[in-house]
Every structure is written in structure tokens, then in C-alpha cells.
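To start, the structure under review is shown below, and the notes come after it.
The values are calculated or read from the model by the stated rules, or taken from the named source; none is laboratory data. None of the values given here were measured: they were computed from a predicted structure. Positions of Cβ are backbone-derived with ideal geometry, glycine not excepted, and every protein chain shown enters the neighbour counts.
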Amino acid sequence: MTPTRAPSARRARDIGLDVRAPKTRCEDRHCPFHGRLPVRGQVLEGTVVSTGMQRTAVVERTLLHYVAKFERYEKRRRRYLAHAPPCLNVPVGHRVRIAETRPLSKLVSFCIVEDLGEAARRVRGDEPEETPAEPEAAEAKR
């Protein structure tokens with residue numbers, strides 16, 4: 001007879017995508033790794049611009065669209081509301097991979113499945129904190 005594992009020792013389930021599973025465990029039923037939420041359809045990448053809602057993040061994608069009349073490109077953006085599982089703990093300004101799921105609410109049909117790290121560009125409203133300059137360093141430059 002094989003020993004059974006305790007539910008807390010269970011590993012994250014395989015969601016069918018080539019993404020790294022989170023190291024921490026969560027009890028969210030809408031988590032694709034630890035809950036019962038299946039992912040299917042589109043897989044997109046974007047930048048998290050807001051995490052003000054409970055377990056939901058706003059992910060923004062920008063793209064260039066060619067305008068033939070002016071022979072130039074215009075910048076367009078699309079914002080997606082995506083479920084943010086607590087085990088990923090994604091902050092504002094990080095690049096993420098989102099996958100399509102069944103509708104979780106009126107506007108949420110995507111779920112964050114991977115944190116790709118900090119974005120190269122700054123997101124609007126996310127200004128870095130300025131550190132006060134050390135007086136010794138300022139005098140050394142003179």
C-alpha cells in the first residue's frame with residue numbers, strides 16, 4: 001500500500017502551459033495551480049498597472065498599429081482584468097503572462113499564470129521613491 005500525502009504537501013497541478021509553478025501554496029479556488037480553474041484559449045503578456053481590487057489586477061498591453069494614410073504608426077493599448085492568485089503575489093509594474101479562463105465575473109476572463117519580472121519601462125503613476133542625496137557625496141563632487 002502506498003502512503004498518501006497530506007493535502008498541504010500536494011504539489012501544484014500541471015495547467016498545460018509551459019510556465020513555472022509558484023513556490024508558495026494558496027487556498028484560492030480560482031487559482032489554476034492550487035484550485036480547480038482550467039485555463040484554455042489565448043495566452044498573452046502584459047504589464048500590471050493596478051492591483052487595487054481584491055485578487056484582481058489590471059494588465060495592460062500596448063501595440064503599434066500602422067496608419068497607411070499617414071505612413072506612420074500609432075500606439076494603441078488594451079487593458080485586461082485578470083484574476084491574481086495570492087500565491088503569485090504580483091506587484092504593480094511587473095510583466096506577467098495571463099491565460100484565458102471561463103468568465104469569473106462580468107469583466108474578468110483571464111488569470112495571471114506567471115510573473116516575468118520587473119518591466120523595462122515605468123508604468124504611469126508608479127514613480128520611484130527619491131532617496132535623499134548624502135551631503136558627503138555632494139561635497140566630494142565639488
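Here are the numbers:
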| read-out | value |
| --- | --- |
| Any hit, segment 71-87, residues being on the phi > 0 side of the Ramachandran plot and touching an Asp or Glu at 6+ places or on another chain (Cβ under 6 Å) | no |
| Complete set of residues in segment 59-82 that are without any contact (Cβ under 8 Å) to a residue 24 or more places away in the chain and of a type in the set (A, V, I, L, M, F, W, C) | Leu63, Leu64, Val67, Ala68, Phe70 |
| Yes/no for Arg77 being modelled with pLDDT of 60 or more and surrounded by 10 or more Cβ atoms within 10 Å (Cβ to Cβ) | yes |
| Segment 102-122 residues that are more than 22 Å from His30 (Cα to Cα), paired with ones that are part of a strand (DSSP E or B) (beta carbon under 7 Å, 6 or more apart) | Gly117/His94; Gly117/Arg95; Glu118/His94; Ala119/Thr47; Ala119/His94; Ala119/Arg95 |
| Criterion violated by Arg142 - all others in (1) exposed (fewer than 12 other Cβ atoms within 10 Å of the Cβ); (2) among the basic types (Lys, Arg); (3) modelled with pLDDT of 90 or more satisfied | (3) |
